[in-house]
Amino acid sequence: MELGLDGKVVLITGGSSGIGLAIARAFLREGARVAMCGRDPANLEAAADALRRDPGGNALAIPADVTRPGDVAALVEQTVGRYGRIDVVVSNAGTHLKGTLDQVSAEQVERHLRTKILGPWELARLVAPHMRRQGSGRFIMIIGQAGKVPGADVIASSLTNAAQHAFAKSLADHLGHDNILVNTVCPSRIATPLTATLPLLGEEFIGRSLEQQQTRWGRQVPLGRWGVAEDIADAVVFVASERASFLCGTNIDVDGGYQRHIF
């Protein structure tokens, strides 16, 4: 299937590892030009080196923290300065904040909101004028499942991720008339460096091997296994492509069937 991404310019936040790095690699394989950012310059450079080992895998690596408006402005400016335009933004920066109301401080929640809400807000605000001048664009947000599956021990992530969904829906309504399509992709049960560091789900896992833990978690997924970062990357590339030109304000769950919600 021809996706029409050859020569497109894609800006990816949180591109240093895991899902972000897989997304960068997938776009490069489609012939797109990629700029990606991360907070840690060393990790970001290591990711760029990994991409350079692939044929044509040369991405622009820009150290940036999306919680800092100045960094976001520099990120957009440097990307446009290098490539002349931005066709696709993939907002992937952020992490999972686990803990109950008694365990998570207001300061932690505020940092979470700055990363997952105010960062994408500023990024969209600065990129939209470029996309309007071009007459088209794609803005894709990666949102964890807690926004649609709230829980006592993920209360902070439930709050921020639900806000991300509301932001994406509103942004899709605002920008759709300019042919700027805003959509979301929601991973769950994906094996990445992030999920490898999460606490075990319960005492039944204590003393068990990693393989046993994964088998238990895998049984919750109809496909019987966890996904990999490339599964998310494939969905993102499709949503960014010309084949998805009538998707606007849409959410795509990539979770092997784990979420069983009608709405």
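The values are calculated or read from the model by the stated rules, or taken from the named source; none is laboratory data. The structure presented is a predicted model; accordingly, all values stated were derived computationally and were not measured. No Cβ is skipped: glycine too gets one built from the backbone with ideal geometry, and neighbour counts run over all protein chains shown.
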The residue from Gly4, Gly57 that alone is touching a residue at least 24 places away in the same chain (Cβ under 8 Å) and within 20 Å of Arg243 (Cβ to Cβ) is Gly4
For Ala48, work out the one condition from (1) at pLDDT below 95; (2) touching a strand residue (DSSP E or B) at 6+ places or on another chain (Cβ under 6 Å); (3) within 25 Å of Thr184 (Cβ to Cβ) it doesn't fulfil.
(3)
For Val72, all conditions in the list (1) outside any loop (DSSP other than H, G, I, E, B); (2) touching a Ser or Thr at 6+ places or on another chain (Cβ under 6 Å) hold save one; what is the number of the exception?
(2)
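Any residue at all in the stretch 40-56 that's aliphatic (A, V, I, L, M), within 17 Å of the chain's Cα centre (by Cα) and not in a helix (DSSP H, G or I)?
In the first step, residues of the stretch 40-56 are kept if they are aliphatic (A, V, I, L, M); the result is 42, 44, 46-48, 50-51.
Those still in the list that are within 17 Å of the chain's Cα centre (by Cα) too: 44, 47.
Checking which are not in a helix (DSSP H, G or I) leaves us with none.
No, the stretch 40-56 contains no residue that is aliphatic (A, V, I, L, M), within 17 Å of the chain's Cα centre (by Cα) and not in a helix (DSSP H, G or I).
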Scanning the stretch 67-98 for residues that are buried (at least 16 other Cβ atoms within 10 Å of the Cβ) and modelled with pLDDT under 90, which turns out nearest to Thr184 (Cα to Cα)?
Gly94
Could you check the stretch 101-120 and list, in sequence order, the residues that are touching a helix residue (DSSP H, G or I) at 6+ places or on another chain (Cβ under 9 Å), more than 19 Å from Cys186 (Cβ to Cβ) and part of a helix (DSSP H, G or I)?
Gln108, Val109, Leu118
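Can you tell me how many residues within the stretch 1-41 are surrounded by fewer than 17 Cβ atoms within 10 Å (Cβ to Cβ) and closer than 26 Å to Arg189 by Cα? Give the steps one after another, and end with the answer.
Here is the first cut: in the stretch 1-41, the ones surrounded by fewer than 17 Cβ atoms within 10 Å (Cβ to Cβ) are 1-2, 4, 6-7, 29, 31, 40-41.
Subsequent filtering for residues that are closer than 26 Å to Arg189 by Cα retains 29, 40.
Selection size over the stretch 1-41: 2.
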What are the residues in the stretch 131-147 that are assigned to a helix (DSSP H, G or I), buried (at least 19 other Cβ atoms within 10 Å of the Cβ) and at pLDDT 95 or above, if any?
Met131
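Would it be correct to say that Ser170 is of a type in the set (Gly, Ala, Ser), surrounded by 20 or more Cβ atoms within 10 Å (Cβ to Cβ) and within 18 Å of Ile117 (Cα to Cα)? Explain how you work it out, then say what you get.
Numbers: of a type in the set (Gly, Ala, Ser): yes; surrounded by 20 or more Cβ atoms within 10 Å (Cβ to Cβ): no; within 18 Å of Ile117 (Cα to Cα): yes.
The answer is no for Ser170.
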Residue check: is Ala64 over 16 Å from the mean Cα position of the chain (by Cα) and modelled with pLDDT of 95 or more?
no
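Of all residues in the stretch 148-191, which are outside any loop (DSSP other than H, G, I, E, B), small (Gly, Ala, Ser) and either under 17 Å from Thr13 (Cα atoms) or touching a residue at least 24 places away in the same chain (Cβ under 8 Å) (or both)? Please lay out each step first, then the result.
Taking the stretch 148-191 first, the residues outside any loop (DSSP other than H, G, I, E, B) are 154-178, 180-187, 190-191.
Still in the list and also small (Gly, Ala, Ser): 156-158, 162-163, 166, 168, 170, 172, 176, 191.
Once the filter is applied, which keeps residues that are outside any loop (DSSP other than H, G, I, E, B), small (Gly, Ala, Ser) and either under 17 Å from Thr13 (Cα atoms) or touching a residue at least 24 places away in the same chain (Cβ under 8 Å) (or both), the stretch 148-191 yields Ala156, Ser157, Ala163, Ala168, Ala172, Gly176, Ala191.
Among the residues of the stretch 75-100 satisfying the criterion of being charged (D, E, K, R) and in a helix (DSSP H, G or I), which is nearest to Asp40 (Cα to Cα)? So that I can check it myself, show each step before the final result.
Here is the first cut: in the stretch 75-100, the ones charged (D, E, K, R) are 77, 82, 85, 87, 98.
From what is left, the residues that are in a helix (DSSP H, G or I) are 77, 82.
On the way: Glu77: 20, Arg82: 21 Å.
It comes out as Glu77.
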The residue that is modelled with the highest pLDDT, considering only those in the stretch 224-240 that are buried (at least 19 other Cβ atoms within 10 Å of the Cβ) and touching a Gly at 6+ places or on another chain (Cβ under 7 Å), is Ala229
Can you tell me which residue within the stretch 58-90, out of those that are among the hydroxyl-bearing types (Ser, Thr, Tyr) and out of contact with any Gly (no Cβ under 9 Å at 6 or more places or on another chain), is farthest from Glu107 (Cα to Cα)?
Tyr83
